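Take a look at the structure below.
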Amino acid sequence: MKLIGRLKTKPSSEIKTSRVGIGFECYDRDLFDPEKCYDLVAATGMKPVRVQTGWARTEKEKGVYDFSWLDSVVDNLVKRGLEPWFNVGYGNPLYMPDAPNSTAVGCVPTLYGEECKAAWVSFVKAVAERYKDRITHYEIWNESDISHFWYPEEPSAVGLAELIKLTGKAIREACPEAKLGTCLSESRPEFMYELFSRLEKSDIDFFCSHNYDRYPENGFHSPRDLMNRELLDDLGFGHVEMWIGEGGHAS
């Protein structure tokens, strides 16, 4: 093929905003080397980067936090002109002896007794206090409507509303200006209705769906998405932004 030109691009540091972001998920479980990613991500011209906060990786001894790994991620992204935002989620085997995996992925702190709930609140406050000058958006839990991420019980909109209120209060005690959100996998309207019927307007600012059933660039144009937008508006949550937190087609 004959080269006829090159696409002119700008790195993230040279643009102000971007409607497209990238996921940095799973580093909370040490599943990839971020040093190989920072410069490549910054070269894309994207701005938002979704980062998971990793309670189990941070608190390996009760009451003792080591944020060095998360500091490194946040600082490396920020200095390259990227805008990390947090998914605050997952459990900690220290407080969940029956966790089905080593990092208590999907284990919900409100389902493990008062000590676990109090430890969760303390951790969340510590996160918000430490990063309040760098992080503005906090997404509470991940894909709460599927069983893999709501252990040891079945997914519950009532339970998610409780978790959002508890976690959001802790975040805003340390960072009053924080924007709060949550995300669902399937975003079924009946689950959405039950969830938002139990929330106050001040509890949530954005909502993410994970649209792996179609191309993310098509946006929120499916009948389900349009129904959910109407549902939010009807329930008084017209201010809530709808995001695609994860999306695309799995390879």
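Given the options Val121, Val127, Val64, name the one that is aliphatic (A, V, I, L, M) and open to solvent by 60 Å² or more (accessible area, probe 1.4 Å).
Values: Val121 fails: open to solvent by 60 Å² or more (accessible area, probe 1.4 Å); Val127 fails: open to solvent by 60 Å² or more (accessible area, probe 1.4 Å).
After ruling out the rest, the residue left standing is Val64.
One line per residue, one yes/no per condition, for (1) under 30 Å from Asp39 (Cβ atoms); (2) buried (at least 21 other Cβ atoms within 10 Å of the Cβ):
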position: Ser72; (1), (2): yes, no
position: Asp98; (1), (2): no, no
position: Val105; (1), (2): yes, no
position: Lys132; (1), (2): yes, no
position: Ile140; (1), (2): no, yes
position: Trp150; (1), (2): no, yes
position: Glu173; (1), (2): no, no
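Would you be able to say whether some residue in the stretch 135-147 is touching a helix residue (DSSP H, G or I) at 6+ places or on another chain (Cβ under 6 Å), part of a loop (DSSP other than H, G, I, E, B) and acidic (Asp, Glu)?
yes
Looking at Phe207, is it under 15 Å from Met227 (Cα atoms), crowded, with 17+ Cβ neighbours inside 10 Å and in contact with a Leu (Cβ under 6 Å, 6 or more places away or on another chain)?
Working: under 15 Å from Met227 (Cα atoms): yes; crowded, with 17+ Cβ neighbours inside 10 Å: yes; in contact with a Leu (Cβ under 6 Å, 6 or more places away or on another chain): no.
Answer is no for this residue.
When the residues of the stretch 22-44 are narrowed to those that are without any contact (Cβ under 8 Å) to a residue 40 or more places away in the chain and surrounded by 10 or more Cβ atoms within 10 Å (Cβ to Cβ), which ends up farthest from the chain's Cα centre (by Cα)?
Ala43
I need every pair where a residue in the stretch 154-173 that is under 13 Å from Ser122 (Cβ atoms) and aliphatic (A, V, I, L, M) has its Cβ under 9 Å from the Cβ of a residue that is open to solvent by 70 Å² or more (accessible area, probe 1.4 Å) and in a helix (DSSP H, G or I), sequence separation at least 6 or different chains.
Qualifying pairs under 9 Å: Ala170/Lys125; Ile171/Lys125.
The values are calculated or read from the model by the stated rules, or taken from the named source; none is laboratory data. Nothing here was measured: the structure is a model prediction, and the numbers come from that model. Because the Cβ atoms are built from the backbone with ideal geometry, glycine has one as well, and the counts that use them run over all protein chains shown. Just the protein is used for accessible areas: all its heavy atoms, side chains included, with ligands, DNA and RNA removed. Shrake-Rupley method; radii C 1.70, N 1.55, O 1.52, S 1.80 Å.
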